[in-house]
Amino acid sequence: MKNLVTGLLILCFGTVLTACDSSIDAPHFMWEGHLYIATYEPLTKEDLEKEIGVLTEEVNGTAAANSEARDLPEGTVLYKIEDREIVQEGIGGFIGYEVDGEFRIASMWNEPE
């Protein structure tokens, strides 16, 4: 009986800790102090204005430092998208990225208030 109670307490405590986990599970990266969530929305090469950088480190948790990424490989190239702002305070922003020869959009994460 004591083992059952102990097991239930551990299970409940683990559930509470998991619910309080603030990590982001979706593929994402940090760029110039802003977190961007990778989407599968396609872009064409013609949609891209210029290369702005490269992701240099893949991490297991939430990306915290510039050019860190979760679930995006090192060497992923980032692009300014034509007619879209990289950062629009209070609204968001967009960056293009290339993985395996395909171009996609990443959207700036706005922390919920």
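By its C-alpha gyration tensor, with a ≥ b ≥ c as the square roots of the eigenvalues, how is the range 24-108 shaped: rounded for a/c under 1.5, else prolate for a/b larger than b/c, else oblate? Verdict is oblate for the range 24-108. Take 49-61, 98-110, 29-41 and order them by the average number of nearby Cβ atoms within 10 Å per residue, most first; the result is 29-41, 98-110, 49-61. Between amide H atoms placed 1.01 Å from N, distances below 5 Å from VAL59 occur with ALA69, ARG70, ASP71, all of them 5 or more places distant or on a separate chain.
Amide H contacts of PHE103 (H built 1.01 Å from N, in plane; Pro and chain starts excluded): LEU43 sit under 5 Å, all sequence-distant by 5 or more or on other chains. For TRP31, the residues whose amide H sits under 5 Å from its own are TYR36, SER67, ignoring neighbours fewer than 5 places away on the same chain, with H placed 1.01 Å from N.
Only the coordinates and a few stated rules stand behind these numbers; no lab work does. A quick note: this is a predicted structure, and the numbers were derived from the prediction, not measured. Note: ideal-geometry Cβ built from the backbone for every residue, glycine included; neighbour counts use all protein chains shown.
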